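Comments concern the structure below.
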Amino acid sequence: MPRTPPSRTPPGGPPEPVTADPPGAVASPLLTQSWLDLAFLHWAVAPEDVAGLLPPGAVPDTFDGATYVGLVAFRMHRVGWLRLPGVPYLGTFPETNVRLYSVDAHGRRGVVFRSLDASRLVPVLMGRAGFGLPYVWSRMSVRDAGDTVTYASSRRWPGPRGAHCRITVRKGERIAEPTELEHFLTARWGMHSAFLGRSLYLPNVHPRWPLHRAALVRCDEDLVAAAGLPAPSGEPVSVLYSPGVPVRFGRPARPAGIPTP
């Protein structure tokens, strides 16, 4: 198991270790789903540039003094509530999210979503109206062509209309042992958010990520800037691909929204 990377210490104590396997179990899931054909793109940013964008109680999680902006494109597959079977149509759709990395006073590491583009209007409306998550409705596609995968989106509502993303990655070899940074960016066992003015943490569990090296063939996007973050300058510091994992979400102490990777 990799050592815990250095992180800004939140009020209340040091962060929990980064672990490639979930730290606990979910016996009675609130949600089940699968995340498939994922592309992870990451850029390093200064923690002070994003600290004001996190919910109360969370601070930027850092690795060697930097925190990260993630652009993650994938296919959501069969979202299901409680122990009910996953829904084949409304629960299956492309999604692309812009996320930050966070840690709270309990030492729990997580992610904070700045935007979540999805191609199904009903989940978008549920996520926005019911849970306060920044879901947006977009035209989207995911196309697998042998060793390359292309993810495309164009925003419809609520905007900024036309905000877009087109990413193509070339899948490489399976990673036998991810680096400490790769674990830090992918082994996230919860989401920090706020609902009705209260902070919450929603835990998740899934098998260890099967990660592959990936080459970025194309990246034409303005979703990061549309999410209120500095537009990326230069190539991402990390590009990864994963065929995916099944996921189970536990119950938060307070209401939460539909989670994503």
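The values are calculated or read from the model by the stated rules, or taken from the named source; none is laboratory data. Everything quoted here is computed from the prediction, not taken from an experiment. Because the Cβ atoms are built from the backbone with ideal geometry, glycine has one as well, and the counts that use them run over all protein chains shown.
Residue by residue, here is whether (1) in contact with a Lys or Arg (Cβ under 7 Å, 6 or more places away or on another chain); (2) farther than 26 Å from Thr67 by Cα; (3) in contact (Cβ under 8 Å) with a residue 60 or more places away in the chain; (4) of a type in the set (Val, Ile, Thr) holds:
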{"residue": "Gly80", "(1), (2), (3), (4)": "no, yes, no, no"}
{"residue": "Pro94", "(1), (2), (3), (4)": "yes, yes, no, no"}
{"residue": "Asn97", "(1), (2), (3), (4)": "no, no, yes, no"}
{"residue": "Tyr101", "(1), (2), (3), (4)": "no, no, yes, no"}
{"residue": "Phe113", "(1), (2), (3), (4)": "yes, no, yes, no"}
{"residue": "Leu116", "(1), (2), (3), (4)": "no, no, yes, no"}
{"residue": "Leu121", "(1), (2), (3), (4)": "no, yes, no, no"}
{"residue": "Ser138", "(1), (2), (3), (4)": "yes, yes, no, no"}
- Specify the residue that is modelled with the lowest pLDDT; the eligible residues are those in region 104-145 that are within 18 Å of Ala73 (Cβ to Cβ) and among the small types (Gly, Ala, Ser). Gly127
- Message: Checking Gly159 against (1) out of contact with any Lys or Arg (no Cβ under 9 Å at 6 or more places or on another chain); (2) free of Cβ contacts under 8 Å to residues at least 40 places away in the same chain; (3) over 28 Å from Leu125 (Cα atoms), only one condition comes out false. Which one?
- Response: (3)
- Message: Checking the structure you have, find out if any residue of region 214-233 is of a type in the set (A, V, I, L, M) and free of Cβ contacts under 8 Å to residues at least 12 places away in the same chain.
- Response: yes
- Message: So if I check each of Pro15, Pro47, Pro55, which one is touching a strand residue (DSSP E or B) at 6+ places or on another chain (Cβ under 9 Å) and under 29 Å from His77 (Cα atoms)?
- Response: Pro55
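Being in a strand (DSSP E or B) and more than 13 Å from the chain's Cα centre (by Cα) is the filter here, so list the residues in region 104-117 that pass it. If you could, list the steps in order and put the result at the bottom.
First, the residues of region 104-117 that are in a strand (DSSP E or B): 104, 109-117.
Asp104, the sole residue that qualifies.
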- Among the listed residues Thr96, Thr92, which satisfies the condition of being in contact with a helix residue (DSSP H, G or I) (Cβ under 9 Å, 6 or more places away or on another chain) and of a type in the set (S, T, N, Q)? Thr96
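Only one residue in Arg143, Arg174, Arg99, Arg155 is surrounded by 22 or more Cβ atoms within 10 Å (Cβ to Cβ) and more than 18 Å from His42 (Cα to Cα), so which one is that?
Values: Arg143 fails: surrounded by 22 or more Cβ atoms within 10 Å (Cβ to Cβ); Arg174 fails: surrounded by 22 or more Cβ atoms within 10 Å (Cβ to Cβ); Arg99 fails: more than 18 Å from His42 (Cα to Cα).
None of the other options fit; the residue is Arg155.
Among the residues of region 184-194, is any free of Cβ contacts under 8 Å to residues at least 60 places away in the same chain, part of a strand (DSSP E or B) and surrounded by fewer than 19 Cβ atoms within 10 Å (Cβ to Cβ)? Before the answer, list the steps.
Of all residues in region 184-194, those free of Cβ contacts under 8 Å to residues at least 60 places away in the same chain come to none.
No, every residue in region 184-194 fails to be free of Cβ contacts under 8 Å to residues at least 60 places away in the same chain, part of a strand (DSSP E or B) and surrounded by fewer than 19 Cβ atoms within 10 Å (Cβ to Cβ).
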- Item | Answer residue from region 210-239, given it is in a loop (DSSP other than H, G, I, E, B) and in contact with an Asp or Glu (Cβ under 9 Å, 6 or more places away or on another chain) and is nearest to Leu133 (Cα to Cα) among those | Leu229
